[in-house]
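For reference, the structure is listed below as structure tokens.
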Number of protein chains: 2
Amino acid sequence: MVKEARTVEVEKVAVIGSGNWGTVIARILGGNVAQQKGFDREVKMWVFEEMIGDKKLTELINEKHENVKYLPGFKLPNNIKAVPDILEATKDATVLVFVIPHQFVREVCDKLQGNVHSKAKAISLVKGFDATETGIRPISHVIKEALKIPVCTLSGANIANEIAEEKFSETTIGYKNLQEGELFKRLFETKYFKVGIVDDVLGVELCGALKNVVAIGAGIIDGLKLGDNTKAAIIRIGLLEMKKYIKMFYKGIKDETFFESCGIADVITTCYGGRNRKAAEAFVLTGKSFDQLEKELLNGQKLQGTLTAKELNTVLKNKGLENEFPLFTTVYKIVFEGLDPKKIFDDIV
Amino acid sequence: MVKEARTVEVEKVAVIGSGNWGTVIARILGGNVAQQKGFDREVKMWVFEEMIGDKKLTELINEKHENVKYLPGFKLPNNIKAVPDILEATKDATVLVFVIPHQFVREVCDKLQGNVHSKAKAISLVKGFDATETGIRPISHVIKEALKIPVCTLSGANIANEIAEEKFSETTIGYKNLQEGELFKRLFETKYFKVGIVDDVLGVELCGALKNVVAIGAGIIDGLKLGDNTKAAIIRIGLLEMKKYIKMFYKGIKDETFFESCGIADVITTCYGGRNRKAAEAFVLTGKSFDQLEKELLNGQKLQGTLTAKELNTVLKNKGLENEFPLFTTVYKIVFEGLDPKKIFDDIV
């Protein structure tokens, strides 16, 4: 079957990553490639191998059709195949779906360099920036530069477990070439996961990267027990700073992008439901450090919001722009410089 | 003191209305006119007279400096004077602050007609539309036409009690003439109540009128227990339908208005904290009618959201535009035509 399909040049999908979000996405892609024309029916999923008891995670996934570590309780379609080797996972793939933590992107790209299909295109679901000594770069740029292939982006109001439960959600795909935007829409969209497409790769990606800083602000408001008006004000101010920052530093950003799921909706979701919000609330309520809270609340995983706040601050400080982004700057100062959370509005208004 | 002030043409403020929101606003205005130059120090507040036990509400307010019925627990400044007669309340006033339920606006305007100061200007904080047999009209138009004076509007993420508690909030004033926008900003702004001004009287007002329909949708989502992604999606879709409707039916609307407190922030607040949301959630959870829920949850007060949904639907139906506004239309059908709430997404996506 695969052989026959290859002869009519079907798209072959590989998912690079198998965390919570990656597994939810693999589940959707597995279903879609099986139902739609034009796709190879097998989806390989690269898994960073680890031992679960005395078994390998890849073996467990392929036996049980379930990612018992990162998405327990949800069956994966049988056409998802977990693969521990990145080159084997992506061999012959024409669609590379990147859904790994941002700090692993360079390493993965190094391995893939020179080994991707001539017609390959990527879509990045990676959150955050690639931080170097000289500044921060969008992940889509890193992938594009390393692999010399077109890169789209996907981001939206997408708490992973809710999508696993097939609760209605929207998402946004940013494309440069409409044909790719439409291909990815077909690949990702389901009845409960609606895809909007916009001609704005960076706008979509960067909304996803910056929102968590706003969520830290929202969590601080929650910790201070300041009510719905205040929370809405912080979300609004945050969205405007995101828009200002993205338009100031990147070209071709569309205003409409901020009205898409990746903009306003994702900021709302993240400020009400996400873990950055939760940790920031606990920071105010308990006085514990974020390091401590990451251990207690997140199993030691690092928060995206505090990291991004720091990365942004380096950029803003270098360019003398801290005052132009009072919320980003105040969040940074509260998290890293001991500013009293109660002073969150002092420079904003 | 008043006499001396009058000779240099100070602005004299009258608040028309003394419900929960009106009283919170009177409290702010009383404080501001006392501290700022250019205002008469007394603010008269028109109160629809009622008996509280054996005492008149106006007498109680003037004795206790507290609106014991609509804002108990918060002292009013001494310079607020409750007045039961509308003409006496507004005599010599150059600033008329309308903050009454929309169904009383015409009656009040009829009484004021021919009796307003030659330099009077109004600001409307009234929510909802003026509904007639032929359609719906913005309240600011009704006031302007009746009194032949300039009318600004104020709307924002403003749950009244949170502002009474002096929790940080933002609001938006829509003006036509910048000078009036700036006057009203000085009059309304405090350290905890930040005023943004935009050259868009109708945009500001109409966001406030339409948001409650979205909140009914959000409450339905809550009742169906659909999670944060779905709620954010409904808020986003709702904001876009608001924008589309307002721009389709009114001229001179600015895109930026939807990024102000009256737009995105108010929709968020209303969809998380408001009573329209709450009643709609209960509607789904209990199966009781909205009439019943208004009695049980709102002391018999009518919900704005269901009323506006009906008014909008009349317009949309008449113009054959129901399909262009699937959320507004679906909310109407769920509330008034027995459509199963679970079908809320069937026509939206």
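The values are calculated or read from the model by the stated rules, or taken from the named source; none is laboratory data. Please read these numbers as outputs of a predicted model, since none were measured by experiment. Please note: Cβ atoms are built from the backbone with ideal geometry, for glycine as well, and neighbour counts cover all protein chains shown. For the accessible areas, the whole protein counts, side chains as well, though only heavy atoms, and no ligand, DNA or RNA atoms are used. Shrake-Rupley method; radii C 1.70, N 1.55, O 1.52, S 1.80 Å.
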Please compute, for peptide B:170-181, the average count of beta-carbon atoms on other protein chains lying within 10 Å of each residue's beta-carbon. 1
When chain A is treated as a GNM, springs tying every alpha-carbon pair under 10 Å, which of A:A232, A:A82, A:A218 comes out with the largest mean-square fluctuation? A:A232
Taking 40 Å² as the minimum loss, tell me which residues in segment A:243-262 lose that much accessible area going from the chain by itself to the full protein complex (1.4 Å probe). A:F259
List the aspartates and glutamates whose alpha-carbon lies under 18 Å from that of A:K342, not counting same-chain residues fewer than 8 positions away? A:D222, A:D228, A:E281, B:E162, B:E165, B:E166, B:E170
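To two decimal places, what compactness ratio does the protein assembly as shown give when its Cα radius of gyration is scaled by 2.2 N^0.38 Å?
Against the empirical 2.2 N^0.38 Å value, I get 1.05 for the protein assembly as shown.
Quick test of the membrane-span-like rule: which DSSP H helices of chain A reach at least 30 Å along their long axis (C-alpha atoms) with mean Kyte hydropathy at least 1.0?
Details: long enough: A:201-223 (35 Å, 1.44); A:227-249 (33 Å, 0.10).
Helices meeting the criterion: A:201-223.
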C-alpha center-to-center spacing [segment B:270-349, segment B:105-153] in angstrom: 27 Å
Report P(r) for segment A:13-199: all Cα-Cα distances, bin width 10 Å, range 0 to the bin holding the largest distance, values in whole percent. 9, 39, 39, 12, 1
Starting from the residue with the highest accessible area, list A:F98, A:F249 in decreasing order, probe 1.4 Å. A:F249, A:F98
Expressed in square angstrom to the nearest 10, the accessible area of A:T134 with a 1.4 Å probe stands at 140 Å²
Sequence-distant residues sharing a close amide H with B:D40 (under 5 Å, placed H): B:E11, B:K12, B:V13
Links that overshoot a 32 Å alpha carbon limit, given the list A:K64/B:K343; B:K91/B:K176; A:K225/B:K211; B:K254/B:K288: A:K64/B:K343; B:K254/B:K288
Looking only at other chains, what is the average number of their beta-carbon atoms within 10 angstrom of each beta-carbon in B:187-194? 2
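Beyond 17 Å, how much of the Cα-Cα pair distribution for segment A:210-343 remains, as a whole percent? Please list the in-between numbers first.
Working: 4965 of 8911 pairs.
Considering segment A:210-343, 56 percent of its Cα-Cα pairs are separated by more than 17 Å.
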Relative contact order for segment B:8-108: what percent, with Cα pairs under 8 Å and sequence separation of 6 or more? 38 percent
Test item: Cα-centred dipole of segment A:13-199, Lys/Arg +1 and Asp/Glu -1 on Cβ, debye: 440 debye
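Given a 1.4 Å probe, how much area per residue of segment A:210-343 is accessible, in Å²? Each step should come with its number before you reach the end.
Numbers: 5110 Å² over 134 residues.
Ligands and nucleic acids excluded, the figure is 38 Å² per residue.
Please give the peptides B:109-118, A:221-230, B:151-160 ranked by average Cβ packing (other Cβ atoms within 10 Å per residue), highest first, as a rough proxy for protection. List each step's numbers first, then the result.
Details: B:109-118: 14.7, A:221-230: 21.6, B:151-160: 26.7.
My ranking of the peptides, most packed first, is B:151-160, A:221-230, B:109-118.
Enter the buried accessible area of the A/B pair, total of both sides, probe 1.4 Å, in Å² rounded to the nearest 100. Present the calculation step by step, with values, prior to reporting the outcome.
Working: alone 15970 and 15990 Å², together 28770 Å².
Its buried surface, counting both partners, is about 3200 Å².
What part of the accessible area of segment A:38-163, given as a whole %, is carbon or sulfur when the probe is 1.4 angstrom?
Values: 2890 of 5600 Å².
The computed percentage sits at 52.
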Filter the cross-link list A:K247/B:K121; B:K243/B:K302; A:K167/B:K243 down to pairs whose alpha-carbon distance in this structure exceeds 31 Å. A:K247/B:K121
Any of A:K37/A:K191; B:K194/B:K319; B:K231/B:K310; B:K44/B:K144 with alpha carbons more than 29 Å apart? Name them for me. B:K194/B:K319
Give me the orientation-averaged projected area of the Cα convex hull of chain B, in nm², one decimal. 17.5 nm²
